[in-house]
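The values are calculated or read from the model by the stated rules, or taken from the named source; none is laboratory data. Keep in mind that what you see is a predicted model, and the values were worked out from it rather than measured. Reconstructed Cβ throughout: ideal geometry from the backbone, glycine too, with neighbour counts over all protein chains shown. These area figures cover heavy atoms from the full protein model, side chains too; ligands, DNA and RNA do not enter into them. Shrake-Rupley method; radii C 1.70, N 1.55, O 1.52, S 1.80 Å.
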Amino acid sequence: MTTKIHLTTTDHNRDVVGLKYIYPVISRRAGGVSVGINLNVNNACNWRCIYCNVPNLTRGSPPPIELNILEQELRGFLHDLLHGDFMQRHVQEGDRQLKDIAFSGNGEPTSAKEFPQVLTLVENVLRDFDLLGKIKVRLITNGSLMDKPLVLESMKHLATLNGEVWFKVDGGSKAAIARVNDVNLNPESHLQRLRQCAEACPTFIQTCMFSLDGVPPSEADISDYLALISQAKDVIKGVHLYGLARRSEQAEVDRLSRLPAEWLEAVAQRIRECGMTVYVSP
């Protein structure tokens, strides 16, 4: 490919490398190049967050993972990234650092039945590239399956790979979670999944906040959220609080708008006052 395409924090063009499972991202939260692994190639997820930027999102789980193709793509892309000219062709100079391997993609990664095998695959590839323990392996998850023994075992494995989990908590009440994530979820059950995950692997809460119909989250919403996450402050590593960076591909897109950085910072300060570390990405 000779066309010069610069990836940015607002353009997550997954077709830059034309692969099935692997895609590069400039992550504002990771602070450089993130090698994404998309296990949900059918755009299926068990949640439907109204800010999600996955087009044609459907409910469900991913098709079987073709492990040989995933390994071939990961090895080939890492080679291009580290020993080829990918960075020069596609990444602006200040962002040319490989920061992590990230399970994110177009749905819930842990819903893939092959997730444990994929972790082993990633471990072997990183070892071969002398990257094991030198970069992070991140799982970006809605946390909905963290009560499954096999998934929790995978979290223990992830921890041995210099891994960490970014666990979604967008609301502190049943109503807020239903409004933002479009799922019927008991907050206390989600809190228990969060605690189990954090005990198995270093875990950060990730929270997206935005205005809906021009109205920011209410004081009740914020109070409920703070009350919920405070119950996990003894086990989590911190909170990633972020606003809208990219356009939603969901039906609610025209109802969503970004919050001012000052508004997010004020919420972050309240989280700090509860005794937690916060990283803000407006």
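Structural remarks
- Check on residue 267, over 20 Å from residue 148 (Cβ atoms) and surrounded by 16 or more Cβ atoms within 10 Å (Cβ to Cβ): yes
- Scope region 67-115; condition part of a helix (DSSP H, G or I), open to solvent by less than 30 Å² (accessible area, probe 1.4 Å) and within 20 Å of residue 41 (Cβ to Cβ); matching residues: 70, 73, 74, 77, 78, 109, 110, 111, 115
- Between 241, 228, the distinction of being within 21 Å of residue 138 (Cβ to Cβ), surrounded by 14 or more Cβ atoms within 10 Å (Cβ to Cβ) and not basic (Lys, Arg) belongs to 241 only.
- Scanning region 186-201 finds one or more residues that are over 30 Å from residue 99 (Cβ atoms) and part of a loop (DSSP other than H, G, I, E, B).
- Just one residue in the set 96, 28, 59, 75 is among the basic types (Lys, Arg), at pLDDT below 95 and farther than 26 Å from residue 279 by Cβ; that residue is 59.
- With respect to the conditions (1) over 20 Å from residue 245 (Cα atoms); (2) surrounded by 13 or more Cβ atoms within 10 Å (Cβ to Cβ), residue 64 falls short on a single one, namely (2).
- Of all residues in region 116-130 being under 15 Å from residue 163 (Cα atoms) and charged (D, E, K, R), the one that is least open to solvent (accessible area, probe 1.4 Å): 123
- Single unsatisfied condition, residue 133 versus (1) surrounded by 15 or more Cβ atoms within 10 Å (Cβ to Cβ); (2) of a type outside the set (D, E, K, R); (3) part of a loop (DSSP other than H, G, I, E, B): (1)
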